[in-house]
Amino acid sequence: MIEALGGLGLASAAGLNAYIPALAIAVLAQFTDRVHLPAELAFLDRTWVLVTLLLLLVVEEIVDKIPGADHLNDIVQTIVRPASGAVVFAAGAPDAFNGNVWVALAVGFVMALTVHGAKAAGRGVVNVSTAGVGAPVVSVVEDLLSIAATVVAIAIPALVVVVLLGVAWLVWVAIRRRTRRASQGRTGGNTVGA
């Protein structure tokens, strides 16, 4: 159960940034005993994989901060982030689902796709409502959330539930505020004497 929570945290982090949790798992697998990869994912502890993930992370960090380019990046990442979520779930929770790697891959894929979908939709709203100025700020926040979720998933998997509920609450609050503003805009804002 706890291991599956860690896997969910890693998959969620991958939905925000495919490379942060993947790089963390690869580094831990290669240099520590903290992560034991299933045979199907043993390639993750290779040096060339670490270098590739690091280069992809650098590209992602640059492209995701540029308004317009971030939208194209989200389109490409619609495949990459869920795939990464699948891999990091299975790598981070190899004994979840009685060691059935295929089930773990499917659960990780769906979780990362869900988070990525919410992220991509939210980013579009931010770009339009701020004329692109908010894109770099939101990108940094997403990266910080991905790092935090990765650290929590690896160090204290039981807290993943708290983190996921907190993020869901923040999203709900943001949607409510946005809905209120849109509603006020349609009705002409506050009316005097009403």
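One residue alone among Val59, Val51, Val63 is β-branched (Val, Ile, Thr), touching a helix residue (DSSP H, G or I) at 6+ places or on another chain (Cβ under 7 Å) and free of Cβ contacts under 8 Å to residues at least 40 places away in the same chain, and that residue is Val63. Taking the stretch 52-73 as the range and being surrounded by fewer than 19 Cβ atoms within 10 Å (Cβ to Cβ) and closer than 17 Å to Arg123 by Cα as the test, the residues that pass are Glu61, Ile62, Val63, Lys65, Ile66, Pro67, Gly68, Ala69, His71, Leu72. Examine the stretch 94-105 for a residue that is at pLDDT 85 or above, within 16 Å of the chain's Cα centre (by Cα) and assigned to a helix (DSSP H, G or I), and state whether such a residue exists. Looking for residues that are at pLDDT 85 or above, within 16 Å of the chain's Cα centre (by Cα) and assigned to a helix (DSSP H, G or I), one finds at least one in the stretch 94-105, hence yes.
Residue-wise test of (1) small (Gly, Ala, Ser); (2) within 20 Å of Arg81 (Cα to Cα); (3) modelled with pLDDT under 95.
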| residue | (1), (2), (3) |
| --- | --- |
| Met1 | no, no, yes |
| Leu5 | no, yes, yes |
| Leu8 | no, yes, yes |
| Ala14 | yes, yes, no |
| Tyr19 | no, yes, no |
| Gln30 | no, no, yes |
| Arg34 | no, no, yes |
| Pro38 | no, no, yes |
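Just one of the listed residues (Asp95, Asp70, Asp74, Asp45) is of a type in the set (Asp, Glu), without any contact (Cβ under 8 Å) to a residue 24 or more places away in the chain and either out of contact with any strand residue (DSSP E or B) (no Cβ under 6 Å at 6 or more places or on another chain) or under 23 Å from Val163 (Cα atoms) (or both), namely Asp45. If I filter the stretch 12-26 for residues that are outside any helix (DSSP H, G or I), out of contact with any Cys (no Cβ under 8 Å at 6 or more places or on another chain) and either touching a residue at least 40 places away in the same chain (Cβ under 8 Å) or buried (at least 22 other Cβ atoms within 10 Å of the Cβ) (or both), do I get at least one hit? There is at least one residue in the stretch 12-26 that is outside any helix (DSSP H, G or I), out of contact with any Cys (no Cβ under 8 Å at 6 or more places or on another chain) and either touching a residue at least 40 places away in the same chain (Cβ under 8 Å) or buried (at least 22 other Cβ atoms within 10 Å of the Cβ) (or both).
The values are calculated or read from the model by the stated rules, or taken from the named source; none is laboratory data. If you're wondering where the values come from, they're calculated on a predicted model, not measured in any experiment. Neighbour counts are summed over all protein chains in view; Cβ atoms, including those assigned to glycine, are modelled from backbone coordinates with ideal geometry.
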